[in-house]
Structures are given as C-alpha cells and as structure tokens.
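Here the structure comes first, spelled out in structure tokens, and everything after it is commentary.
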Amino acid sequence: MPTRSIVIGAFLLAVAFVAYLASWQTDNSFLQSLFSWDQRTEQADPPPPAPRLSELELKAIAEGKGFDALISYTNKGFEPEIMQVPAHSIIRFTNNSSYGLRISESEENSPVAACGGFDSCKVLNPGEFWEVEVAEPADISYRNMLRSTDSGSIRAE
C-alpha cells in the first residue's frame, strides 16, 4: 500500500525537521514553544496616573513637617467623621471624592465666603489636599460648604 508508506515517510520527515530546528536552539525554547501551552493571561490596563499636584501643594510638601492625622473626603462624606487629636496637631484633609470640597466651620452657604478661622479658603478639586494646625485645645465642627450635609468634628485636647 503506497499510501501508508507515504504517510509514514511524511511523519518521519516532519520529526526530522523539528529535531533539526531544535538543534539550533541551545535552550530548547523552540521545542517548548511548540509543545507547551501558552498560559499567559491578558495584562490588566495600567492604573490611571496620579493627579498632578498644584504648585501650592508641591510647596507644602517640600516645606512640610508632615501631618499627624488624615481626614479623607469621599463621595460618602468625611472619613472619619469624628476625630480626636492632641493640641498642636497638623491635620491633612484630602479630597478623594469626584466633586469639589470647601472646608469651613462657617455657617454661611457659599463657596466664596469670607476666609478666616478653620477654613480651607478655596475649593479643593479631586486629588487636592489642605493642611491645618489645631494649635489650641478646641472642639471644631466643620462641613463642606458645597454639600452642607457632609460634616465632621475634631476634638483637640
């Protein structure tokens, strides 16, 4: 049967060709690529770049002494809502929400209200922060002037 001998001859020729190509690879990477299952998974997208810091924030970091407590503002409000710190603590507020934040203990409902006392004096965009020192023992209630239902308090002892 000439057909059977042709199939066997073709098979032996293919094996010889693979062996020849494998002899060119000293680390057997060719054979591994032929006979191994590619188990790589798709790579996840890289995370988005961190928000750029403003000149004021870069200056604050360069001149900063660090901070003693951190309050994060998220889409759910201030976290933590209540904080207790020693007097002379530096508190950093970070805006991790998707909207603006104007921190103030003022009762006025205006993002451009007069600045003074415990007040960020500007709207913090997402990714920005504000640091303040609580120099004296005090109970401070504050809120986001842009979303007056979001509030928190600090007790400095």
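Just so it is clear, none of the values below were taken in a lab; they were calculated from the coordinates. Just so you know, these numbers come straight off a predicted model, no measurement behind them. Using ideal geometry, Cβ is built from the backbone for each residue, glycine included, and neighbour counts are taken over all protein chains shown.
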Spacing of the two label points (7 Å from each Cα toward its C-beta) at Ser98 and Asp45, in nm: 1.4
12 Å reach of a label modelled at Ser153, 7 Å along Cα-to-Cβ, counting backbone N of the range 61-93: 81-84
